[in-house]
1. Output the residues belonging to segment 54-64 that are under 15 Å from Val3 (Cβ atoms), of a type outside the set (Val, Ile, Thr) and surrounded by fewer than 10 Cβ atoms within 10 Å (Cβ to Cβ).
2. Give all pairs with beta carbons closer than 6 Å in which a residue from segment 24-48 that is in a loop (DSSP other than H, G, I, E, B) meets a residue that is surrounded by fewer than 19 Cβ atoms within 10 Å (Cβ to Cβ); count only pairs at least 6 apart in sequence or on separate chains.
Amino acid sequence: MVVTAAAPRVLPALVEQLKPGGRMVIPVGGGDIQYLKLVTKRADGGYDERNVLPVRFVPLVPGK
């Protein structure tokens, strides 16, 4: 899954859509500090995340 707008944090509703082993790339942060994160869902339903690189995206609009 690729998210193309910055969220304030990794959103559980998006992680829930991944199957175990699934990956999501999402920009996370606000203002001038954002990081592109790689999120991988584990078999136990949790997830691992790592910063890939600093980025700047428009913010995700709530409710859209």
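The values are calculated or read from the model by the stated rules, or taken from the named source; none is laboratory data. Since the structure is predicted, the reported quantities are computational estimates derived from the model, not experimental observations. Note: ideal-geometry Cβ built from the backbone for every residue, glycine included; neighbour counts use all protein chains shown.
1. As a first pass, look at segment 54-64 and keep what is under 15 Å from Val3 (Cβ atoms): 55-62, 64.
Of the ones still in play, those that are also of a type outside the set (Val, Ile, Thr) are 56-57, 59-60, 62, 64.
Across segment 54-64, the qualifying residues are Pro62, Lys64.
2. Partner pairs satisfying both residue conditions: Ala43/Pro20.
Condition check ((1) surrounded by fewer than 10 Cβ atoms within 10 Å (Cβ to Cβ); (2) under 16 Å from Met1 (Cβ atoms); (3) modelled with pLDDT under 95; (4) among the aliphatic types (A, V, I, L, M)) across all residues:
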site: Leu18; (1), (2), (3), (4): no, yes, no, yes
site: Arg23; (1), (2), (3), (4): no, yes, no, no
site: Val28; (1), (2), (3), (4): no, yes, no, yes
site: Gly31; (1), (2), (3), (4): yes, no, yes, no
site: Leu36; (1), (2), (3), (4): no, yes, no, yes
site: Lys41; (1), (2), (3), (4): no, yes, no, no
site: Asp44; (1), (2), (3), (4): yes, no, no, no
site: Glu49; (1), (2), (3), (4): no, yes, no, no
